[in-house]
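Trainee: Got a structure here, written out as structure tokens. Questions coming.
The values are calculated or read from the model by the stated rules, or taken from the named source; none is laboratory data. Given the structure is predicted, the values throughout are model-derived calculations rather than measurements. Quick reminder, even Gly has a Cβ in these numbers, built from the backbone with ideal geometry, and neighbours come from all protein chains shown. The accessibility values were calculated without ligands, DNA or RNA, using every heavy atom of the protein model including side chains. Shrake-Rupley method; radii C 1.70, N 1.55, O 1.52, S 1.80 Å.
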Amino acid sequence: MSKSEDGLDLSRRDLLRIAGGVAAANVLGAATWGALELMVPSTVDAWHKSVCRFCGTGCGIQIGMRDGRILDVRGDELAHNKGVICVKGSMTRALPYVEGRLTQPKVRRNGTLVEASWDEAMGLVAENFKKIIAERGPDAVAFYGSGQLFTQESYTANKLFKAGIRTNNVDGNPRLCMASAANGYIQVYGKDEPPGSYVDADHADCFFIMGANPFECHPPIFERIRRRRAAHPEARIICVDPRRTLTAERSDLHLAPIPGTDLLLLNAMAQVICEEGLLDTAFVDKHVRFSDGEETVDLPAFRKFLEKYRPEAVEAELGVTAPQIREVAFLFARSKATMSLWTMGLNQRVQGVALNNMINGLHLITGQFGRPGATPFSLTGQPNACGGVRDTGALSHSLPNGRLVANEKHRAEVEQLWGVPAGTISPKVGYDAVSLFRAMEDGRVQAALVMCTNPGQSMPAADRCRAAMDKCFLVVAEAFADSETAQVADVLLPAALWIEKEGVFGQGERRYQLVEKLIDPPGQARSDLAILVDLADRLGYGALIKARTPKDVWDEWREFSSHSYYNFKGMTYDRLRAERGLQWPCPDESHPGTVRRFVEGEDPFVTKGAGFEFYGQPDKRAVVFLRPYVPSPEKATPDLPLYLTTGRVLEQWHTGTMTQRIPELAKAAGDARIEIAGSDAWKLGIKDDDRVEVKSRYGVLQGRARVLPQGRPGLLFAAFYDAKLLINRVVADNVDPTSKQPEYKVTAVALRRLEA
Ligand code: SF4
């Protein structure tokens, strides 16, 4: 047990109770929603509407202030999360006051970072960028951003680099978490972002949760699922995950495929659906087209493609029995409304796009689409990866509102909207995350601005990434002085945290929410927008970056969006201030926002009488792809006989730069461990807490073991929040050929016990 600063006893059990609400209460003996139980009696002057800083659930919160300080945080009853938040959200009250904030710019002199003025630091940044651009061309510099920047910041960075500097070397950490989901949606519907909403969880009768652990990583969403299940006992929760996660433990069915094989499961489910007459032929005939990726094929070709995925043919390689596959296929197709939820387990894969194609495809062939509760839904990890990076096109291959760098018409449209001469935007796709750090390694990229992210810890094969950054003139805008990335910076710029500035977050269900400034940043810290505007001026692009306040940038971006199907021109600042966010499309100020896309009567772009209309595709039909299963390059071998998979835990978030500093969360989660099944531990002579060595093709590290008696044989797990363990040093950097997203979830490793 530990004492919080408010004198409350907190243990991991309490924190699980907070996160899991009544779901956890059933297990742990609590009866009510823990966050409320642990709420400090408030003596605040006023409550302010805001948004949680952490994950893509994007929970609405109320921040209680007194005398200019945050005293308390609680869930916002009027927001989409209906007052429910998890322990990380409730602990945001401590975040601005933690130790280790960076308060003054620093520059590296003779190998050491020393304090400098803003003018000195930014002068050095501009001087180096200008020199490198002049000598090596614009593609020798890069921007590496984050799904945690505000939309205004990602939009401005994208515009500065693509239309000012004229390089498409703009990428960021959403490449690591959702590029496969984005590509999957674009290929299937012609447009990115989920068609449904969180509210669908209140209507579904079958929850197909695959490669996600919402009990720990998106707790308010799992709580919504649990409440639906409790009120409708016939509803079923299916969890597909190689690990027996806390979500799997609370599901009706847990399927545990061998890591890297689960496209076999989706294809086998499709085979059963076709063979057993579970196809929704009316929906398919009217709204679906089949494609092998090159050309359109017909339904018989789809059936023929699936023949080799009969459950009995794949069960051994998949590690799931044929009867289980059939049961799940029937539940998926026959339930009144099926909602699929997935995240990194599908996205962080060399077949991530294929998996995303196929899970959407299952909804399309069964007609589990567009009705309340019937929807595919990719969960997301960061507060603004969707609204900030995907929607603004702040990735190396993309342009705003779903346009592509490689498309001449799209470049021309964006050039016109930004008011820059034709031909300004380079037709050359920039470096994606993994290739960007490779380009730093061999000198193709010589200067980079990294904002609001920590690639030194979050990239796979992390040692190689850090060494590459060391070779580059690295500018890092960060709130904290000691992240793994900050440590190798040449210039370190102190950045404000979310409520120390103003901006808009767009969470996982196309909902934009305004975050207002409530407190001043410490010392000389500035907003990332202010840093970008300063850089634009110093590089000579002040006329391009005319919008300089969060509201002005938002208004420019709103107007820009009105030239697309993403249209959210109706989301004025006044509306965002008054409402709990709005979901796009939202084309005018009287529009209420769109809960379900592509559905007549809900989506403003669907033609009257069409029922459904996939207007992002030329023929207005969604595409079901024939995607063959290809084994991961990370196959276990006699030398590397185990699979390592990585992820999050409830109490920590991403690389832990924020949550590790909050004492209650740090104590609850402790140091990250290498989790190993009891049977493997016995074979290797490993006991709980033993020091162990993990070795892969990418690196080697040491840590402590946690033995899970019921763990899955052959599988290791480690969370990536802990910089001391830094598990990404051994994680594979194989990427999906289309999305370029790395396969964090499958690395072949060896494990051995170290002597004391
Ligand atoms: Fe914050 Fe995510 Fe927890 Fe909601 S679920 S409170 S957004 S960390």
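Trainee: How are the alpha carbon pair distances in region 384-486 distributed across 10 Å bins from zero to the largest one, expressed in percent?
Mentor: 14, 37, 33, 15, 1
Trainee: What do the square roots of 5 times the Cα gyration tensor eigenvalues come to for region 648-694, in whole Å, largest first, as semi-axes of the equivalent ellipsoid?
Mentor: For region 648-694, the semi-axes come out at 27, 10, 9 Å.
Trainee: Something else now. Of the peptides 692-702, 367-377, how do they stack up when ordered by the mean number of other Cβ atoms within 10 Å, highest first?
Mentor: Packing order, densest peptide first, comes out as 367-377, 692-702.
Trainee: Take the solvent-accessible surface of the protein heavy atoms, probe 1.4 Å, and return the percent of it on region 491-591 that carbon and sulfur atoms account for.
Mentor: 46 percent
Trainee: A follow-up question, please. Using 0.36 nm per residue of separation minus the Cα-Cα distance, give me the extension gain between Tyr97 and Ala422 in nm, one decimal.
Mentor: My answer for the length gained is 112.2 nm.
Trainee: Something else now. What shape does region 497-643 have by the C-alpha gyration tensor, where a ≥ b ≥ c are the square roots of the eigenvalues, rounded means a/c under 1.5, and otherwise prolate means a/b greater than b/c and oblate the rest?
Mentor: oblate
Trainee: Rounded to a whole number of µm²/s, how large is the Stokes-Einstein D of region 423-556 at 4 °C and 1.567 mPa s, given Rh as the Kirkwood radius over C-alpha pairs?
Mentor: D = 78 µm²/s.
Trainee: Next question. Report the extension gain between Tyr573 and Lys695 in nm, rounded to one decimal, defined as 0.36 nm multiplied by the number of residues separating them, less their alpha carbon distance.
Mentor: 38.8 nm
Trainee: Compute log10 of I(q)/I(0) for region 607-756 with the Debye formula, placing one identical point scatterer on every Cα and leaving out solvent, at q = 0.10, 0.12, 0.15 Å⁻¹, to two decimals.
Mentor: Cα-only, vacuum Debye calculation for region 607-756: -0.47, -0.60, -0.81.
Trainee: Still on this structure, please answer the following. Could you sort 148-160, 82-94 so that the peptide with the highest average Cβ count within 10 Å comes first and the rest follow in order?
Mentor: The packing order, highest mean first, is 148-160, 82-94.
Trainee: Still on this model: In the chain, which whole DSSP H runs stretch at least 27 Å along their own axis (Cα) and average 0.0 or higher on the Kyte-Doolittle scale?
Mentor: Helices passing the filter in the chain: none found.
Trainee: Using 32 Å as the Cα-Cα cut-off, could you pick out the over-long pairs in Lys88/Lys471; Lys409/Lys546; Lys49/Lys336; Lys88/Lys501; Lys428/Lys724?
Mentor: Lys88/Lys471; Lys49/Lys336; Lys428/Lys724
Trainee: Pop the C-beta distance of Lys551 and Phe330 into the FRET formula with R0 = 45 Å and round what comes out to the nearest 0.05.
Mentor: The calculated FRET efficiency here is 0.30.
Trainee: Nearest 5 is fine: what % of DSSP beta bridges in the chain come out antiparallel, could you say?
Mentor: 50 percent
Trainee: Here is a further query. Would you mind pulling out the separation of the Cα centroids of region 42-88 and region 558-573, in Å?
Mentor: 27 Å
Trainee: Determine Rg/Rh for region 54-131; Rg is computed over alpha-carbon atoms and Rh is the Kirkwood hydrodynamic estimate from the same atoms.
Mentor: Here Rg/Rh amounts to 1.22.
Trainee: Take the Cα of Lys471, step 7 Å along the line toward its Cβ, and report every residue of region 128-161 whose backbone nitrogen sits under 16 Å from that point.
Mentor: 140-142
Trainee: Okay, which of region 628-664 sit inside 16 Å, backbone N to the point 7 Å along the Cα-Cβ direction of Asp688?
Mentor: none
Trainee: Can you pull the Kirkwood radius for region 36-177, inverse mean 1/r over Cα pairs, to one decimal in Å?
Mentor: Radius from the Kirkwood sum: 18.6 Å.
Trainee: Moving on to the next point. Lys/Arg Cβ at +1, Asp/Glu Cβ at -1, dipole of region 182-236 taken about the Cα centre: which of Pro233, Asn183, Ser197 is farthest positive-ward?
Mentor: Final value for the positive-end residue is Pro233.
Trainee: Separate question: How big, on average over all directions, is the shadow cast by the Cα convex hull of region 218-311, in nm²?
Mentor: Quarter of the Cα hull surface area: 8.4 nm².
Trainee: Using the charge dipole of region 448-500 (Lys, Arg: +1 at Cβ; Asp, Glu: -1 at Cβ; taken about the Cα centre), state which of Ser483, Thr453, Met469 has its Cα farthest towards the positive end.
Mentor: Result: Met469.
Trainee: Can you list, bin by bin at 10 Å, the percent of alpha carbon pairs in region 346-421, starting at 0?
Mentor: 16, 31, 34, 17, 2
Trainee: Right, here's the next one. Given a 1.4 angstrom probe, what's the average accessible area per residue across the chain, in square angstrom?
Mentor: On a per-residue basis, 34 Å².
Trainee: Mind giving me the nanometre distance, one decimal, between the label points for Lys409 and Lys131, set 7 Å out from Cα along Cα→Cβ?
Mentor: Between Lys409 and Lys131, the simple spin-label model gives 4.5 nm.
Trainee: For Arg303 and Val199, calculate 0.36 nm times their separation in residues minus their Cα-Cα distance, and state this gained length in nm to one decimal.
Mentor: Gain on extension, Arg303 to Val199, equals 34.1 nm.
Trainee: Follow-up. I'd like the FRET efficiency for Thr637 and Glu312, computed as 1/(1 + (r/R0)^6) with the beta carbon distance as r and R0 of 35 Å, rounded to 0.05.
Mentor: 0.80
Trainee: List the chymotrypsin sites (Phe, Trp or Tyr not before Pro) within region 551-616 that fall in a DSSP loop (any state other than H, G, I, E or B) and whose Cβ has at most 15 other Cβ atoms within 10 Å.
Mentor: Of the chymotrypsin sites (Phe, Trp or Tyr not before Pro), the ones in loops of region 551-616 whose Cβ has at most 15 other Cβ atoms within 10 Å are Phe605.
Trainee: Once every DSSP H run of n ≥ 4 in the chain is given -39500 (n - 2.57) and the sum is divided by its residues, what mean residue ellipticity at 222 nm do you get, rounded to the nearest 500 deg cm²/dmol?
Mentor: -8500 deg cm²/dmol
Trainee: Using a 1.4 angstrom probe on the protein heavy atoms only, line up Glu602, Glu634 by accessible area, largest first.
Mentor: Sorted descending by solvent-accessible area, the residues read Glu602, Glu634.
Trainee: For the chain, take the alpha-carbon Rg, divide it by the Kirkwood Rh, and send me Rg/Rh.
Mentor: 0.94
Trainee: Sort His363, His48 from largest to smallest accessible area, using a 1.4 Å probe on the heavy atoms of the protein chains.
Mentor: The ranking, largest first, comes out as His48, His363.
Trainee: Assign one of three labels to region 158-287, namely rounded, prolate or oblate, based on the Cα gyration tensor with a ≥ b ≥ c the square roots of its eigenvalues; rounded applies when a/c is under 1.5, prolate when it is not and a/b is larger than b/c, and oblate otherwise.
Mentor: Note, shape of region 158-287 comes out prolate.
Trainee: Calculate the FRET efficiency for Glu275 and Glu234 from the Cβ-Cβ distance with a Förster distance of 30 Å, rounded to the nearest 0.05.
Mentor: Once rounded, the FRET efficiency stands at 0.75.
Trainee: Here's another thing I want to ask about it. Which order do the peptides 742-750, 706-714, 249-257, 230-238 take when ranked by the mean count of other beta-carbon atoms within 10 Å per residue, highest first?
Mentor: Peptide ranking by packing, descending: 742-750, 249-257, 706-714, 230-238.
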